[in-house]
Amino acid sequence: MIVAVALLLQQAVGQPLSNVTVRNGDKATTVSVSLSDRGPVVAADALAAALAGQIETRAPNEYVVAVAGVRVAVTAGVPFVRVGDQTLPLAAEPVVRAGTLYLPYSFVSDFLPRVATGVTFDTRRAVLQHQLAALPPPPAKARSLTVIVDAGHGGPDRGMRGPIGADWEIREKDITLDVSLALRDALQERGVSVVMTRSTDTLIALSDRGRIANAKKGDVFLSIHVNAANPNWKQPGAARGFETYFLSEAKTEDARRVEAMENEVVKYEISHDVAANDPLSFIVHDMEQNQHLRESSELAATVQRSLAKMHPGPDRGVKQAGFRVLVTAFMPAVLVEIGFGTNAAEARYLRDPRRQREIAASIADATMQYLAGYQRRANAASQ
Ligand SMILES: [Zn+2]
């Protein structure tokens with residue numbers, strides 16, 4: 001009991017030590033600085049209110065501090081934060097005490113002035129000044145970008161099931177929908193418009209997925225899938241990892257296997273105007289598609305690189321295959337196999353909502369990185 005009391009005392013945030021003045025434009029607010037077991041701290045919500053920003057709770061102990069034009073992803077107990085695709089150190093870890101997120105004082109005195117535009121800190125007077133721009137900065141892009149997110153399978157087409165030899169199972173169509181919804185949120189947070197080919201458990205013909213993408217004038221098409229091992233492999237249950245495809249004729253036997261698996265849905269489709277046995281080779285000779293292929297290969301490489309930073313499974317690389325879903329999308333288009341549902345550990349990973357959000361964030365980061373390069377190339381080409 002004594003131990004418990006001591007712990008409680010240690011974990012409490014003490015009475016305010018001093019104050020910091022936060023000036024958002026002309027509006028000044030006093031924010032308390034208190035002492036925690038991790039040093040001086042400020043309450044995140046008080047700081048956000050003073051800067052007309054907000055704190056978003058993502059998961060237990062995970063927050064986004066959105067203030068002064070920056071979004072800082074914070075995890076309690078971790079002295080690193082993420083801003084965009086950068087991981088940056090903090091002088092001390094943020095802490096949660098009695099349900100309130102506290103940020104180290106250096107977040108105000110040092111971190112924000114470094115990462116946010118128009119933010120300065122007067123150390124002597126303890127004043128944080130956020131200079132509001134006279135006019136909001138114009139968006140860097142001429143028009144907003146649209147990403148088409150395609151959750152693989154749906155309705156009667158459940159996709160693959162796994163894992164091999166377990167008494168519980170995942171269905172591909174559920175995982176692809178969950179990850180695609182998380183991907184939609186992650187992309188919207190990054191400022192692009194998102195169109196989903198499906199947002200419920202419903203069957204959409206493969207050719208219609210591309211048609212939706214074209215009608216909505218998508219800039220990028222992302223199709224999300226879960227892989228399944230070939231049962232004839234030596235140890236099918238052991239196969240793990242992630243791979244990203246762009247459209248072409250299948251180059252390897254393994255690519256042909258995945259192509260056949262992902263194209264199989266046509267048997268559920270009542271009408272589709274691309275016959276199942278059409279050779280896809282004409283696509284690669286079309287000039288416009290050639291341009292899309294180069295862009296698709298770049299997009300696939302960017303997605304694959306991004307996933308390699310966080311995915312526990314092996315990097316199976318960028319591959320090419322004749323996916324029907326990619327044929328009709330006249331834009332850079334990739335199909336991501338986010339893992340093997342036939343592997344027990346990977347199936348568990350893929351159905352964990354937190355991991356699903358991580359995968360989605362990784363694909364969203366890659367898409368933004370690709371789009372930035374795409375706009376640079378488009379601008380260079382038009383000059
Ligand atoms: Zn699939």
Might you check whether a residue that is touching a residue at least 12 places away in the same chain (Cβ under 8 Å), assigned to a strand (DSSP E or B) and within 21 Å of G14 (Cβ to Cβ) occurs anywhere in segment 72-95?
-> yes
Look through segment 110-128, keep the residues that are surrounded by 17 or more Cβ atoms within 10 Å (Cβ to Cβ) and in contact (Cβ under 8 Å) with a residue 60 or more places away in the chain, and return whichever of them is farthest from P16 (Cα to Cα).
-> L128
Matching residues in segment 49-63 - criterion: being touching a residue at least 12 places away in the same chain (Cβ under 8 Å), in contact with a strand residue (DSSP E or B) (Cβ under 7 Å, 6 or more places away or on another chain) and closer than 21 Å to E358 by Cβ = I55, R58, N61, E62, Y63
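Among the listed residues T117, T146, T123, which satisfies the condition of being modelled with pLDDT of 90 or more and more than 16 Å from the ligand (Cβ to nearest atom)?
Values: T117 fails: modelled with pLDDT of 90 or more; T123 fails: modelled with pLDDT of 90 or more.
It is T146.
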Confirm whether A151 is touching a residue at least 24 places away in the same chain (Cβ under 8 Å) and away from the ligand (no atom under 14 Å from the Cβ).
-> no
Any chance segment 275-283 includes a residue that's farther than 25 Å from M160 by Cα, surrounded by 13 or more Cβ atoms within 10 Å (Cβ to Cβ), in contact with a helix residue (DSSP H, G or I) (Cβ under 7 Å, 6 or more places away or on another chain) and at pLDDT below 85?
-> yes
Determine, yes or no, whether D45 is at pLDDT below 90, over 20 Å from R190 (Cα atoms) and surrounded by 13 or more Cβ atoms within 10 Å (Cβ to Cβ).
-> no
Lone qualifier among A48, A68 - being touching a His at 6+ places or on another chain (Cβ under 7 Å) and under 30 Å from I363 (Cβ atoms) | A68
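Please determine, by comparing only the residues of segment 154-184 that are assigned to a strand (DSSP E or B) and on the phi < 0 side of the Ramachandran plot, which one is nearest to the ligand (Cβ to nearest atom).
Taking segment 154-184 as the starting set, the residues that turn out to be assigned to a strand (DSSP E or B) are 154, 157, 161-162, 170-171.
So of that shortlist, the ones also on the phi < 0 side of the Ramachandran plot come out as 157, 161-162, 170-171.
Details: D157: 9, R161: 11, G162: 12, I170: 12, R171: 11 Å.
The selected residue is D157.
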Per-region count, segment 191-236, residues outside any loop (DSSP other than H, G, I, E, B) and either under 18 Å from S296 (Cβ atoms) or away from the ligand (no atom under 14 Å from the Cβ) (or both) = 21
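Name the residue, out of V81, V74, V70, that is at pLDDT 90 or above and under 23 Å from V20 (Cβ atoms).
Selected residue: V74, the only one of V81, V74, V70 that is at pLDDT 90 or above and under 23 Å from V20 (Cβ atoms).
The values are calculated or read from the model by the stated rules, or taken from the named source; none is laboratory data. Every value quoted in this text rests on a predicted model; they were computed, and no experiment measured them. Backbone-built Cβ (ideal geometry, glycine too); neighbour counts: all protein chains shown.
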